[in-house]
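The values are calculated or read from the model by the stated rules, or taken from the named source; none is laboratory data. Just so it is clear, the structure is predicted and the values come from calculations on it, not from any experiment. Please note: Cβ atoms are built from the backbone with ideal geometry, for glycine as well, and neighbour counts cover all protein chains shown. Remember, those area values only see protein heavy atoms, side chains included, never the ligands or the DNA or RNA. Shrake-Rupley method; radii C 1.70, N 1.55, O 1.52, S 1.80 Å.
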Amino acid sequence: MKKLLALLIASALVVTLMASCNCDGNQTSSEEPANSSATATLTEDALGDIINEAAELGDGSAGISLKRTELAGKIASYAAMMGFREDSVESLKKDLEEKINALEDEKKANVNASFMDSFEILDKAIDKGDFDSVKDQFEDAGVADEIETVLKAPGLRDSYDAFKSAYLTMGNSDK
């Protein structure tokens, strides 16, 4: 189920990128709203799915490192698809707070630990542009191909930085 969601997110990103660059040259204006609508529906639920997944990843869980690496890929895909900007931070922060504050304290701690581990991996791949240093982690988690596609998304760095900033300014992080 989780791999299916990751595949759907990656597929939606590819469709969105192809639509925006009109790579096939045959796209009509009547097709564009359907793609935009499908992407909006998918991404609207994706933030809640990401948070709920992170909430289940407690320290000591089997395969926690791989699961958090997979989560990092989902966060990057979500940021790429949403195209957050600096002016999106406050709105995104409210969405994050609403969803996270609905969780029990233990689940909130799991989200924080999972997000911080994911940010550490993504900082290397996105902010430092050193995907090779974390490629093995993504391969072990089974999402290397998807994340390589996501890393090519225009504006990913700004969108990821806005997402990370929104989360870190909530006051949930120790870092």
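Considering all projection directions equally, how large on average is the shadow of the alpha-carbon convex hull of region 91-175, in square nanometres? Don't skip to the answer; put the middle values down first.
Numbers: hull surface 24.4 nm².
Mean shadow area of the hull around the Cα atoms is 6.1 nm².
Each peptide in 49-56, 115-122 was scored by the mean count of other Cβ atoms within 10 Å over its residues; highest first, the order is 115-122, 49-56.
Using the reciprocal of the averaged 1/r over all distinct C-alpha pairs, how large is the Kirkwood radius of region 94-139 in Å? Display every interim value, and only then the final one.
On the way: mean 1/r = 0.0834 Å⁻¹.
It is 12.0 Å.
Globularity index of region 55-101 is 1.39 (Cα radius of gyration / 2.2 N^0.38 Å, N = number of residues).
Residue ranking by accessible heavy-atom surface, 1.4 Å probe, largest first, among Arg85, Arg68 comes out as Arg85, Arg68.
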